[in-house]
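Any read-out appearing in this document is the output of simple, stated calculations on the displayed coordinates, not a laboratory observation. Just so we're clear, the structure is a prediction, and the values are computed from it rather than from any experiment. As a convention, Cβ positions derive from the backbone with ideal geometry for all residues, glycine included, and neighbour counts pool all protein chains shown.
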Amino acid sequence: MDQMITPEQLADRYKRRFGEKIPVLRVSERCEGVKKTPKRSIWFSVPRDLLVDAIRELKTVDYPHLAVISAVDNGDAIDLLYHLTIGYGERGREILVTFTVAVPKADPVIPTISGEIPGAVYSEREKQEMIGVTVAGIPDNRGLFLPDDFPKGVYPWRKDETGIRENMVRELWKVDRPTDRPTPPVSSPVAKKPDSAEETEGCEPDLPVDTPVNADGKEVQS
């Protein structure tokens, strides 16, 4: 990124390119650390048919660093959040850019962005198996985390009927736990006695918890 660009300038750039099709959700700036280094961010709401174009537009500013694609089950739709940074590694010049894409569960398909950012394929593979979106055009369709015998049509991150079923939940702390193991004995703590009179010098004796004391902590004589 040759020239410094602000989130406001980036927002204007997208307004000129896409109009109201890609609205700005939020622009923020806050400072961090003793040097008050600015941390700037901008959030866009992106229709899924414009996702690839939104990535391409960002690349005309600076090649973005993709941190991760996160996902949230929001009932009728799955929100995919593409967390990117331009000016990556340039302290004080970085801008965090988040594209939020709502994918309806009735048609959970999203285009791959791996043609623009090849490393995105790993996060896309994760979204396919963990939250049940189909990434159209993904060059590698294999699973990433779940075993081959994991039930089809079950997605661990879903909050609906396609999520983890109750009969799949295991209390791992009980697995292979021995039932005949005796309870180990626990010895009572032994009060430590002072080694010399010097250790008690300047110390006040402990009083019972119900002993009335005055403002100086002295026992009140009845």
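For residue 60 and residue 170, what is the calculated FRET efficiency with R₀ set at 41 Å and r taken between the beta-carbons, to the nearest 0.05?
Once rounded, the FRET efficiency stands at 0.25.
Over its Cα atoms, what ratio of radius of gyration to 2.2 N^0.38 Å does the range 7-161 give?
Cα Rg divided by the expected 2.2 N^0.38 Å: 1.11.
Identify the residues of the range 82-107 with backbone N under 18 Å of a label point that sits 7 angstrom from the Cα of residue 74 along the Cα-to-Cβ direction, or state none.
Under cut-off, by backbone N: 82-84, 97-107.
Rounded to whole Å, give me the distance from the Cα center of the range 45-101 to that of the range 121-144.
Centre-to-centre distance over Cα atoms comes out at 17 Å.
Express the C-alpha Rg of the range 100-190 as a ratio against the empirical globular expectation 2.2 N^0.38 Å, rounded to two decimals.
For the range 100-190, the normalised Cα radius of gyration comes out at 1.73.
Using packing as a proxy for protection, rank 7-20, 114-127, 62-75, 147-160 so that the peptide with the highest average count of other Cβ atoms within 10 Å comes first.
Highest to lowest by the protection proxy: 114-127, 62-75, 7-20, 147-160.
What is the dipole size for the range 7-161, taken about its Cα centre, with +1 at each Lys and Arg Cβ and -1 at each Asp and Glu Cβ, in debye to the nearest 20?
Result for the range 7-161 is approximately 720 debye, rounded to the nearest 20.
I want to check the label-to-label distance for residue 13 and residue 162. Put each point 7 Å from Cα in the C-beta direction and report it in nm to one decimal.
Inter-label distance under the simple model: 3.5 nm.
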